[in-house]
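Q: There's a structure below that I have some questions on.
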Amino acid sequence: MKKCFTKMMLLSFMLNSILVLAQTKLEVDLNNKIAKIQPTMYGVFFEDINFAADGGLYAEMVKNRSFEFTVDPFLGWKQPNSDRHSFNNDSGIATLVKYSKDAGNSNFIRVKINDDKGYELVNEGFRGMGIKAGETYNIYVTAAKQNGNISKIKFQFIDENNAILGETVIAISAGQWKDYTAQITANKTLAKAKLKLTFEGTGEIDLDMISLFPVDTWKGREKGLRKDLVQLLYDLNPGFLRFPGGCIVEGRTLERRYQWKKTVGPVEDREVLVNRWNTEFAHKLTPDYYQSFGLGFFEYFQLSEDLGAEPLPILSCGMACQFNSGELVRMDELDPYVQDALDLIEFANGDIDSHWGKLRNDMGHPAPFSLKYIGVGNEQWGKDYIDRYKVFAEAIKAKYPDMIIVSGSGPFPDGDYFEYGMQELKKLNAEIIDEHYYRSPEWFRENATRYDSYDRNGPKIFAGEYAAHPKGIFDGPKENNLEAAISEAAFMTGLERNAEVVTMTSYAPLMAHIDAFQWAPDMIWFNNLQSYGTANYQVQKLFSTHAGTDLISVTNNGKYLTGQNDLYASAVIDSEASQVIVKIVNTSSKVQDINLQLKGKKINKKGEFIVLKSENLEDQNSFDNPNKIIPETTTIQNKSRKLDVMLQPYSLSVVKFKMR
């Protein structure tokens with residue numbers, strides 16, 4: 001029995017020894033400032049994919065509010081007790097009327113009420129409407145009575161059984177077009193409510209811009225942005241906001257490209273466009289995916305300002321998406337596209353006496369937005385792109401020599417397209433080149449040294465779209481697992497270590513509606529009531545809120561940690577906060593014993609130790625458990641600027657000490 005017990009103890013000791021690797025010594029030199037960390041180092045990239053704008057960040061709750069959807073102008077609307085194709089025995093019917101084919105808002109509906117049997121018009125919202133008990137919502141409608149005695153429109157929240165969850169009434173008084181507003185308070189919380197309209201009286205009435213917004217928006221702005229989603233962005237402390245895409249900049253055809261001038265001015269006059277992701281994926285068809293442009297370029301600039309982030313607009317360079325039509329503008333017809341870029345700079349920065357500066361002022365922002373960066377094209381490739389980029393760059397620099405131009409190296413991080421683009425852009429002395437990579441977690445771990453060999457005197461790099469895509473998982477949020485997040489963290493230490501070259505980085509895509517996504521993984525998931533940051537979000541947040549101001553070295557035996565013993569590290573000084581910050585990633589399944597030596601400056605005895613971890617690589621945050629993977633902070637102490645820390649398996653650790 002004694003021998004058996006001794007063998008069990010020995011086995012236990014051996015197993016525990018296996019779980020802890022030999023101690024790794026890291027030396028941090030606080031005096032050796034290698035490079036400045038740019039304020040734009042960590043930012044966010046927004047694209048209207050996955051219902052991220054309409055149905056997401058833009059808080060409008062009515063889908064197809066002005067009946068402009070091109071294939072079916074009634075898409076999103078139902079007439080439950082009416083046959084749209086016949087007036088016989090109907091209590092009422094709505095038909096489409098066109099103002100003008102050239103107007104941004106060209107359609108409205110004419111509702112004919114035949115009797116008092118309760119004609120209904122119902123909007124389904126964006127996969128439903130998320131309402132909260134006790135919360136108040138603003139109703140807007142533009143209406144004009146044509147004939148009869150219609151005196152009121154009743155607006156009601158209803159559930160799937162037609163039960164009423166709140167209601168309000170608008171009295172109609174005018175025979176001419178007039179804007180009406182009212183408020184409705186929900187008496188129940190429901191993720192998939194609908195909005196029902198009924199009418200008092202008979203006759204005909206015209207309706208347009210039927211709209212619904214929560215009162216409680218970001219910064220309380222009327223007809224504004226969804227508060228919880230903007231808060232998640234704000235908490236990232238982003239250095240920049242890249243917008244509006246992404247592939248929607250290019251469009252499947254040039255006619256369907258993103259045109260910023262159509263997204264400014266009065267919201268009701270902005271031309272609705274079918275979203276570029278509407279039919280991209282056969283398994284994720286979204287025929288109701290359109291862009292209302294209520295979230296347009298003015299709102300993007302305003303959001304950048306709210307976030308304290310540099311705005312980075314990306315414009316079409318006259319090339320439709322090369323994965324679709326690849327349609328090109330002829331070189332001798334490129335001038336209007338170039339002029340769009342010049343006019344955008346005037347809109348953002350121009351004096352209020354200028355044409356486009358006046359529009360900004362009229363929209364409520366007399367002060368300039370202080371635009372410093374502009375992007376030409378999204379991820380085009382080949383000679384056609386280089387030829388067009390050259391024309392844009394020459395024109396922009398001629399008029400705005402201080403404007404920093406972002407170019408693109410194509411959709412892939414290697415291969416012929418990439419090599420050609422990088423070579424030609426270097427010849428043109430490109431300032432910042434945007435690189436994109438969607439690869440496996442292994443690729444991210446193996447490429448932590450990607451920028452170690454880049455020319456320090458060449459173009460700066462913008463890692464504009466990247467995300468680790470775990471293999472064999474096709475379940476949306478489950479793709480945002482711990483393995484992907486920790487692998488990205490390992491790669492990000494390489495981005496940070498190369499701050500001489502890498503000046504901007506952003507994960508992509510930014511957010512997705514759980515009931516209407518085309519692409520995964522995504523950094524933020526939301527439904528009509530809830531939102532949460534993924535494990536990937538938590539990694540981004542730890543880096544962006546601990547970016548620092550100056551890169552310093554952290555080495556093991558004189559070498560940077562780039563995967564040795566599955567360890568990765570970077571270190572910075574935050575001169576504004578008088579802090580030293582060390583980030584260490586452990587991608588192994590074992591506890592790692594680290595001896596950290598901080599040399600060169602005196603530091604406080606007590607510091608902070610922040611750890612992001614979970615038990616299994618497949619773990620992820622969810623609506624049911626949004627905080628499964630979040631950072632935990634404890635206090636640590638150093639002795640003569642030395643300390644021992646135990647790195648948990650599959651973890652990102654941040655060590656922080658105040659400098660004296």
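The values are calculated or read from the model by the stated rules, or taken from the named source; none is laboratory data. Everything numeric here is computed off the predicted structure, so don't read it as measured data. Here Cβ is always computed from backbone atoms with ideal geometry, including for glycine, and neighbour counts include all displayed protein chains.
Q: Just a yes or no: is a residue in region 516-532 within 20 Å of Y234 (Cα to Cα), in contact with a Leu (Cβ under 7 Å, 6 or more places away or on another chain) and surrounded by fewer than 24 Cβ atoms within 10 Å (Cβ to Cβ)?
A: Yes, region 516-532 has at least one match.
Q: Picking from G415, G375, G421, G410, which residue would you name as being at positive phi and buried (at least 19 other Cβ atoms within 10 Å of the Cβ)?
A: Working: G415 fails: buried (at least 19 other Cβ atoms within 10 Å of the Cβ); G375 fails: at positive phi; G421 fails: at positive phi.
Going through G415, G375, G421, G410 in turn, the sole match is G410.
Q: With respect to V71, is the statement that it is modelled with pLDDT under 95 and either out of contact with any Phe, Trp or Tyr (no Cβ under 8 Å at 6 or more places or on another chain) or on the phi > 0 side of the Ramachandran plot (or both) true?
A: Numbers: modelled with pLDDT under 95: yes; either out of contact with any Phe, Trp or Tyr (no Cβ under 8 Å at 6 or more places or on another chain) or on the phi > 0 side of the Ramachandran plot (or both): yes.
In short, yes.
Q: Of the residues I514, I552, which single one is in contact (Cβ under 8 Å) with a residue 24 or more places away in the chain, over 30 Å from R226 (Cβ atoms) and either touching a helix residue (DSSP H, G or I) at 6+ places or on another chain (Cβ under 6 Å) or β-branched (V, I, T) (or both)?
A: Working: I514 fails: over 30 Å from R226 (Cβ atoms).
Sole residue among the options that is in contact (Cβ under 8 Å) with a residue 24 or more places away in the chain, over 30 Å from R226 (Cβ atoms) and either touching a helix residue (DSSP H, G or I) at 6+ places or on another chain (Cβ under 6 Å) or β-branched (V, I, T) (or both): I552.
Q: Would you check which residues across region 203-232 are surrounded by fewer than 17 Cβ atoms within 10 Å (Cβ to Cβ) and β-branched (V, I, T) and list them?
A: V215
Q: Go through region 160-184 and report how many residues are surrounded by fewer than 17 Cβ atoms within 10 Å (Cβ to Cβ) and more than 20 Å from Y119 (Cβ to Cβ).
A: 10
Q: Return the only residue of W525, W519 being among the aromatic types (F, W, Y), within 23 Å of A309 (Cα to Cα), in contact (Cβ under 8 Å) with a residue 24 or more places away in the chain and not assigned by TED's automatic domain parsing to the domain that holds G125.
A: On the way: W519 fails: within 23 Å of A309 (Cα to Cα).
Going through W525, W519 in turn, just one is among the aromatic types (F, W, Y), within 23 Å of A309 (Cα to Cα), in contact (Cβ under 8 Å) with a residue 24 or more places away in the chain and not assigned by TED's automatic domain parsing to the domain that holds G125: W525.
Q: Still on this model: Is there a residue in region 95-104 that is modelled with pLDDT of 90 or more and crowded, with 23+ Cβ neighbours inside 10 Å?
A: No: zero hits.
Matching residues to (1) in contact with a helix residue (DSSP H, G or I) (Cβ under 8 Å, 6 or more places away or on another chain); (2) more than 28 Å from D515 (Cβ to Cβ):
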residue	(1), (2)
H283	no, no
G296	yes, no
F301	yes, yes
L307	yes, no
G318	yes, yes
G326	no, yes
R330	no, yes
D335	no, yes
D343	yes, yes
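Q: Within region 398-418, how many residues turn out to be assigned to a strand (DSSP E or B) and under 14 Å from L371 (Cα atoms)?
A: Within region 398-418, the subset assigned to a strand (DSSP E or B) is 404-408.
Filter again for under 14 Å from L371 (Cα atoms), leaving 404-406.
Looking only at that region, the number is 3.
Q: Another question, then. Picking from N586, N627, which residue would you name as being under 32 Å from the mean Cα position of the chain (by Cα) and over 17 Å from A569 (Cβ atoms)? Walk me through it before giving the result.
A: Values: N586 fails: over 17 Å from A569 (Cβ atoms).
After ruling out the rest, the residue left standing is N627.
Q: Then there is this: Looking only at region 185-199, filter to residues that are farther than 23 Å from K112 by Cβ and touching a residue at least 60 places away in the same chain (Cβ under 8 Å); which one of those is surrounded by the most Cβ atoms within 10 Å (Cβ to Cβ)?
A: Initially, region 185-199 is screened for residues farther than 23 Å from K112 by Cβ, giving 185-193.
Filter again for touching a residue at least 60 places away in the same chain (Cβ under 8 Å), leaving 189-193.
On the way: T189: 14, L190: 21, A191: 16, K192: 17, A193: 25.
My answer is A193.
Q: With respect to K559, determine if the residue is of a type outside the set (G, A, S), modelled with pLDDT under 95 and at negative phi.
A: On the way: of a type outside the set (G, A, S): yes; modelled with pLDDT under 95: no; at negative phi: yes.
Against the criterion (of a type outside the set (G, A, S), modelled with pLDDT under 95 and at negative phi), K559 does not qualify.
Q: Considering A395, A448, which residue is in a loop (DSSP other than H, G, I, E, B) and touching a helix residue (DSSP H, G or I) at 6+ places or on another chain (Cβ under 6 Å)?
A: On the way: A395 fails: in a loop (DSSP other than H, G, I, E, B).
Going through A395, A448 in turn, just one is in a loop (DSSP other than H, G, I, E, B) and touching a helix residue (DSSP H, G or I) at 6+ places or on another chain (Cβ under 6 Å): A448.
Q: Has region 517-529 got any residue that is at pLDDT 95 or above, part of a strand (DSSP E or B) and in contact with an Asp or Glu (Cβ under 8 Å, 6 or more places away or on another chain)?
A: The answer is yes, given that some residue of region 517-529 is at pLDDT 95 or above, part of a strand (DSSP E or B) and in contact with an Asp or Glu (Cβ under 8 Å, 6 or more places away or on another chain).
Q: So, one more: From N621, N556, N536, which residue is closer than 30 Å to P477 by Cβ, in contact with a Ser or Thr (Cβ under 8 Å, 6 or more places away or on another chain) and surrounded by 15 or more Cβ atoms within 10 Å (Cβ to Cβ)? Quick ask: steps written out before the conclusion?
A: On the way: N556 fails: closer than 30 Å to P477 by Cβ; N536 fails: in contact with a Ser or Thr (Cβ under 8 Å, 6 or more places away or on another chain).
After ruling out the rest, the residue left standing is N621.
Q: With respect to the numbered conditions (1) surrounded by fewer than 24 Cβ atoms within 10 Å (Cβ to Cβ); (2) touching a residue at least 40 places away in the same chain (Cβ under 8 Å); (3) of a type in the set (G, A, S), which one is the sole condition not fulfilled by S453?
A: Here S453 meets the rest and fails (2).
Q: For region 346-365, which positions are surrounded by 14 or more Cβ atoms within 10 Å (Cβ to Cβ), assigned to a loop (DSSP other than H, G, I, E, B) and among the small types (G, A, S)? Give the steps one after another, and end with the answer.
A: Restricting attention to region 346-365, the residues satisfying the condition of being surrounded by 14 or more Cβ atoms within 10 Å (Cβ to Cβ) are 346-350, 352, 354, 356-361, 363, 365.
Still in the list and also assigned to a loop (DSSP other than H, G, I, E, B): 350, 352, 354, 363, 365.
Within region 346-365, G350, S354 meet the criteria.
Q: Could you say which residue among D351, D340, D402, D362 is within 29 Å of A59 (Cα to Cα), of a type in the set (D, E) and out of contact with any strand residue (DSSP E or B) (no Cβ under 9 Å at 6 or more places or on another chain)?
A: Values: D351 fails: within 29 Å of A59 (Cα to Cα); D340 fails: out of contact with any strand residue (DSSP E or B) (no Cβ under 9 Å at 6 or more places or on another chain); D402 fails: within 29 Å of A59 (Cα to Cα).
One residue alone meets the criteria, D362.
Q: Any idea which residue in region 233-281 is farthest from T503 (Cα to Cα), counting only those that are in a loop (DSSP other than H, G, I, E, B), more than 18 Å from the chain's Cα centre (by Cα) and of a type in the set (D, E)?
A: The qualifying residue farthest from T503 (Cα to Cα) is E271.
Q: To continue, here is another question. Would you check if there is a residue in region 439-449 being crowded, with 20+ Cβ neighbours inside 10 Å and under 17 Å from K36 (Cα atoms)?
A: Filtering region 439-449 for residues crowded, with 20+ Cβ neighbours inside 10 Å gives 441, 444-445, 448.
When the remaining residues are screened for being under 17 Å from K36 (Cα atoms), the result is none.
Within region 439-449, none of the residues are crowded, with 20+ Cβ neighbours inside 10 Å and under 17 Å from K36 (Cα atoms).
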